[in-house]
Amino acid sequence: QVQLVESGGGWVQAGGSRRRSCVACGSSVGINGMGWYRQAPGKRREVVAVITPGGSPTSAASVKGRFTISRDNAKNTVYLQMNNLKPEDTAVYYCHAQRVMDYWGKGTLVTVSS
């Protein structure tokens, strides 16, 4: 079993920054892709950014140039640096990891006020 423990999030003003981190605990050997998803009120969950075990990132068009995903395999941790936040970035952000099956963090609300 893999448990994903998230930190970061909270309230921030538009234009501000936040850094999220997510540690994979438990049987974390063999984790493949990791990433971040978000779900805004009344909307479906969408991908924000994902990263391969080798460190190749892919970001959604809506956050490209503002959000950066990175990964430290030695620490089983994935990060999301969010800069120039906008009110439309307000959502619950979920960490995701894949190892045979999908694992999800519990999610943390990020609120961006205008």
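General remarks:
- Each of GLY55, SER114, ALA91 was placed along the dipole of the chain (beta-carbon charges, centred on the mean Cα), and the one lying farthest toward the positive end is SER114.
- Within the listed set LYS86, LYS75, LYS43, the residue fluctuating most in the Gaussian network model of the chain (springs between alpha-carbon atoms under 10 angstrom) is LYS43.
- The value of relative contact order for the chain, using C-alpha pairs under 8 Å at least six residues apart, is 36 percent.
- Estimated translational D of the chain in µm²/s (Stokes, Kirkwood radius over Cα pairs; 10 °C; 1.306 mPa s): 114
- Rolling a 1.4 Å probe over the protein heavy atoms of segment 54-100, with every protein chain left in place, gives an accessible area that is 49 percent carbon and sulfur.
- Per residue value of the accessible surface for the chain (all protein chains in place, 1.4 Å probe), Å²: 53
The values are calculated or read from the model by the stated rules, or taken from the named source; none is laboratory data. The shown structure was predicted, so the numbers you read here are calculated from the model rather than taken from an experiment. Neighbour counts run over all protein chains shown; Cβ positions are idealised from the backbone, glycine included. Note: areas computed on protein heavy atoms with side chains; ligands, DNA, RNA excluded. Shrake-Rupley method; radii C 1.70, N 1.55, O 1.52, S 1.80 Å.
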